[in-house]
Amino acid sequence: MQVSISAELRRRFAEARRVLVLTGAGVSAESGVPTFRGGGNTAVWKGIPFDVISSGAMLERNLPAVWEWFDYRRGVLASLEPNPAHYQIARWQDRFPDFTLVTQNVDGLHQKAGSRNVVELHGNVWRARCTVCRMGHDMSESARPDACPSCGNSVRPDVVLFGEMLPPGVFEFAANKAAECDLCFVIGTSAIVYPAAGLPAIAKDAGAFVCEVNPERTPLSSLCDEVITGKAGEVVPQIGL
Ligand code: APR
């Protein structure tokens, strides 16, 4: 689907030096990753709403059940590939002198498309973390450890669960970059989960041009300088390189 990109956005894109991109589940939808909300439905696992099975409270109560859900998600993700939106965003990192990719996604598809230094606000399903020494364990090449190889305590998904705080310093880093950027893209997020959804307003208040890409309007649409209605995989490659 051909979309119209305004002359203003083309000019801002050509002149931008500091760019921030915020992505959500929608950027991975065309890769086959189910979104959490959009389209009116809410993800459910074995009859348990995702925000219950994916919660800190469930982790306290039943860590094996939480692992079963994340093992399933890794199983689904293992066969999925990045889409043209992921690849175009990866190319942008070498286009701009200062480029920051902030994602709410835990699927690792940005990295699979070649994005470096991805700011993961909500963690990553391909990592486990010790519940005591907090040591991280990469599961992209190896199986999930039964216990922390370093201290022997239990390990948990290295993902921010509902009711939990973001990793220390990650949001602050993203907020500083948002306050410095001159162009901000918001791609594939319903913009209802904070603090992530607050980043575009920080950029806007600092004078950045804010552009949203989403097939549906969101609570952020009215704040944006440009709203491009469409799917990320079709729209983002048309924005420019
Ligand atoms: N391209 C772009 N956007 C899309 C596409 C697409 N192909 N398909 C759907 N969308 C949009 C939907 O319209 C919706 O606005 O993506 C958004 C997905 O919203 P959510 O499912 O709420 O995902 P997200 O905004 O990332 O959720 C934020 O909430 O569930 C928690 O921790 C989880 O990181 C997640 C956070």
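The values are calculated or read from the model by the stated rules, or taken from the named source; none is laboratory data. Since this is a predicted model, take the numbers as computed values, not measurements. So basically every Cβ, Gly included, is an ideal-geometry build from the backbone, and we count neighbours across all protein chains shown.
Odds and ends about this structure:
- The single condition among (1) within 24 Å of ASP51 (Cα to Cα); (2) assigned by TED's automatic domain parsing to the domain that holds HIS86 that CYS224 does not meet is (1).
- Count of residues meeting criterion [among the aliphatic types (A, V, I, L, M) and either crowded, with 17+ Cβ neighbours inside 10 Å or modelled with pLDDT of 95 or more (or both)] in segment 37-64: 5
- Residue in segment 213-230 that is part of a helix (DSSP H, G or I), modelled with pLDDT of 95 or more and either basic (Lys, Arg) or within 19 Å of ARG10 (Cβ to Cβ) (or both) present: no
- Residues satisfying the stated conditions in segment 188-208, i.e. touching a Gly at 6+ places or on another chain (Cβ under 7 Å) and either at positive phi or of a type in the set (A, V, I, L, M, F, W, C) (or both): GLY188
- Selection status of HIS110, within 14 Å of the chain's Cα centre (by Cα) and either surrounded by 20 or more Cβ atoms within 10 Å (Cβ to Cβ) or not in a loop (DSSP other than H, G, I, E, B) (or both): yes
- Segment 195-217 residues that are farther than 13 Å from GLY24 by Cα, paired with ones that are assigned to a helix (DSSP H, G or I) and of a type in the set (Lys, Arg) (beta carbon under 7 Å, 6 or more apart): PHE209/ARG12; VAL210/LYS204
- The criterion of at least 2 residues that are more than 14 Å from the ligand (Cβ to nearest atom) is met, among helices (runs of 4 or more DSSP H) falling completely within segment 1-87, by 7-15, 56-61, 63-78.
- All told, GLU172 falls short of being in contact with an Asp or Glu (Cβ under 8 Å, 6 or more places away or on another chain) and either in the same structural domain as ALA85 (by TED's automatic domain parsing) or among the small types (Gly, Ala, Ser) (or both).
- At least 2 residues being farther than 26 Å from PHE36 by Cβ, over 18 Å from the mean Cα position of the chain (by Cα) and modelled with pLDDT of 95 or more is the threshold, and among the strands (runs of 3 or more DSSP E) wholly inside segment 120-207 not one reaches it.
- Any hit, segment 104-114, residues being closer than 15 Å to VAL236 by Cβ and without any contact (Cβ under 8 Å) to a residue 60 or more places away in the chain: yes
- Within the set ALA147, ALA175, ALA208, ALA143, the sole residue that is crowded, with 22+ Cβ neighbours inside 10 Å and away from the ligand (no atom under 15 Å from the Cβ) turns out to be ALA208.
- The residues listed here are LEU166, LEU121, LEU161; of these, the one that is in contact (Cβ under 8 Å) with a residue 40 or more places away in the chain, within 11 Å of the ligand (Cβ to nearest atom) and surrounded by fewer than 18 Cβ atoms within 10 Å (Cβ to Cβ) is LEU166.
- Residues within segment 98-118 that are of a type in the set (A, V, I, L, M, F, W, C), within 13 Å of the ligand (Cβ to nearest atom) and touching a Ser or Thr at 6+ places or on another chain (Cβ under 6 Å), tallied: 1
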